[in-house]
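**Student:** Starting off with a structure, shown below.
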Amino acid sequence: MIIKNAKIINSQKPVSIIIENEKIKKIDLENDFEKYKDNEIIDANYNYVIAGIIDPHTHMRDPGLTHKEDFNSGSKAAARGGITTFLDMPNTIPNTITKENLIQKKSMMAGKSYVDYGFHFGGSKTDNSEDIKLIKNEAASTKIFLNASTGNMLIEDDKILEKLFEASKIVSVHAEDKMVDKATKIAKRTGTTLYLCHLSLASEIDLLKRAKDSGMKIYGEATPHHLFLNTENINEKNKMLLRMKPELKEKIDNEALWKAIKDGTIDTIGTDHAPHLLKEKLEKLTFGIPSIEHSLELMLKKVKDSTIDLKLLTKIMSENSAKIFGIKNKGILKEGYDGDLAIIDLNNESEIREEDIITKAAWSPYIKFKRGGRVIMTILRGNIVYKYDLNNEDIFYSGFGKEVFYY
């Protein structure tokens, strides 16, 4: 495959991107396509081409809760959003807390995804540290819950927590407010790399910054909803919909998160895509929202208003996640890396419409939000998995997604 007339971040002039055997073979100014006439040639039409987005934090609800989402529907929504790799959390049914359950989950998901994927393993309140030792190179991290969330995975025994941290190469933690400090202290004692999921408070950012300044190997994640929404967005009509863990915070916390992105304190954007059907959300208090298909297009709004630039966007949405979790050959638009690309039309600032939603949840908290740009093609290892065609229709191509490898 050859992508011609591509604008990229590191070049003043349009380039051609040649993908061969699923890898980026060459990026240069070459425009002689005669020798490639038997290959598929994609015209980017002078739109930006960036490395495919990596979403390190998703809940695809598969297995056990597939009426809300499954690997097929969720990965399709990911492809629509320019995401070429996602990492799935362990609070499914059954919880992914034994090696046997992880193997079973991997087997069940094979062949179902439109894009590449990986799995987080789960820490258990009954102490599964021996299982964690066995699967270190088969999962992205150990996910530990220090606050209650969907699924019965809250761990409160400090001795068990210490053992789980010690057994893990990297711990991804659901920790809110004071629990961020607790997680940081345990990680410091055990020497474990720590990944703080969905930070939402200015005070949590301060804790992260101090930990980084002390030399700890620690990383922080922000979600689109904690960046773009706050308590001022809640009204009588949507008060049941805009509930998640952690909850929405104040505008001052939005501002702290954006400052932390710009100064490098926040490392990644994870969607925490946690879909529930609209009926479920309206019937009773249910935590979690869908967001995977619009994260990039929302973040592009902040490129448009010069809060961040495309270079920083691709760093926090692609490159850093690959480096933190050791995902091989992903996250950078570079020769030798996987041919994972998103082509984006920065001139398309259309509204997000409910009738276009791909996820099974069939709703979004961002309806009527204007995009900062539109994903017009998603390419996975040199294969088109999504394109937005000239008739304004979404077209998908399945059968290409594979599990990622870690180094």
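**Student:** Full extension from Tyr407 to Glu22: what is 0.36 nm times the residue separation minus their Cα-Cα distance, to one decimal in nm?
**Tutor:** Taking Tyr407 through Glu22 to full extension adds about 136.7 nm, to one decimal.
**Student:** Take each of the peptides 1-14, 63-76, average the number of other beta-carbon atoms within 10 Å over its residues, and list them starting from the highest.
**Tutor:** 63-76, 1-14
**Student:** Which value in deg cm²/dmol, rounded to the nearest 500, describes the helix-derived mean residue ellipticity at 222 nm for the chain, given -39,500 (n - 2.57) per DSSP H run of n ≥ 4 and division by the residue count?
**Tutor:** Calculated at 222 nm, the ellipticity per residue is -7500 deg cm²/dmol.
**Student:** Related question: Enumerate the amide H contacts of Lys143 below 5 Å, restricted to partners 5 or more residues apart or on another chain; note that Pro and chain-start residues carry no placed amide H.
**Tutor:** Answer set, sorted by chain and number: Phe121, Gly122, Gly123, Ser172.
**Student:** Another question about this same structure. For Cα pairs less than 8 Å apart in space and 6+ apart in sequence, what is the mean separation divided by the residue count of segment 1-68, i.e. the relative contact order in percent?
**Tutor:** 35 percent
**Student:** For segment 215-246, list residues with backbone N below 14 Å from a point placed 7 Å from the Cα of Ile252 toward its Cβ?
**Tutor:** 231
**Student:** So how far, in whole Å, is the C-alpha centre of segment 241-307 from the one of segment 353-397?
**Tutor:** 18 Å
**Student:** Obtain the nm distance between the two label points defined at Tyr337 and Phe287 by a simple spin-label model: each point lies 7 Å from its Cα along the Cα-to-C-beta direction.
**Tutor:** For Tyr337 paired with Phe287, the spin-label model returns 3.4 nm.
**Student:** Using a Gaussian network model on the chain with a 10 Å cutoff between Cα atoms, which of Lys279, Lys360, Lys249 fluctuates the most?
**Tutor:** Between Lys279, Lys360, Lys249, it is Lys279 that shows the largest mean-square fluctuation.
**Student:** With no solvent and one point per C-alpha, what does the Debye sum give as log10 I(q)/I(0) for segment 50-325 at q = 0.14, 0.17 Å⁻¹?
**Tutor:** Each listed q maps to, in turn, -0.98, -1.51.
**Student:** What length, rounded to one decimal in nm, is gained on full extension from Lys323 through to Asn45, with 0.36 nm per residue of separation minus their alpha-carbon distance?
**Tutor:** Length gained between Lys323 and Asn45: 97.0 nm.
**Student:** Figure the gain on full extension for Thr126 and Asn392 (residue separation times 0.36 nm, minus the Cα-Cα span) and round it to one decimal in nm.
**Tutor:** Extra length available between Thr126 and Asn392 comes to 90.6 nm.
**Student:** Sticking with this one: Calculate the FRET efficiency for Leu29 and Ser214 from the Cβ-Cβ distance with a Förster distance of 45 Å, rounded to the nearest 0.05.
**Tutor:** Taking R0 as 45 Å, the efficiency between Leu29 and Ser214 is 0.50.
**Student:** Here's a follow-up. Normalized C-alpha radius of gyration of segment 322-396, against 2.2 N^0.38 Å?
**Tutor:** The reported ratio for this selection is 1.31.
Bear in mind that the values in this text are calculations on the coordinates, not laboratory data. Keep in mind the model is a prediction, meaning the values are calculated, not measured. Counting neighbours? That spans all protein chains shown, and the Cβs are built from the backbone with ideal geometry, glycine included.
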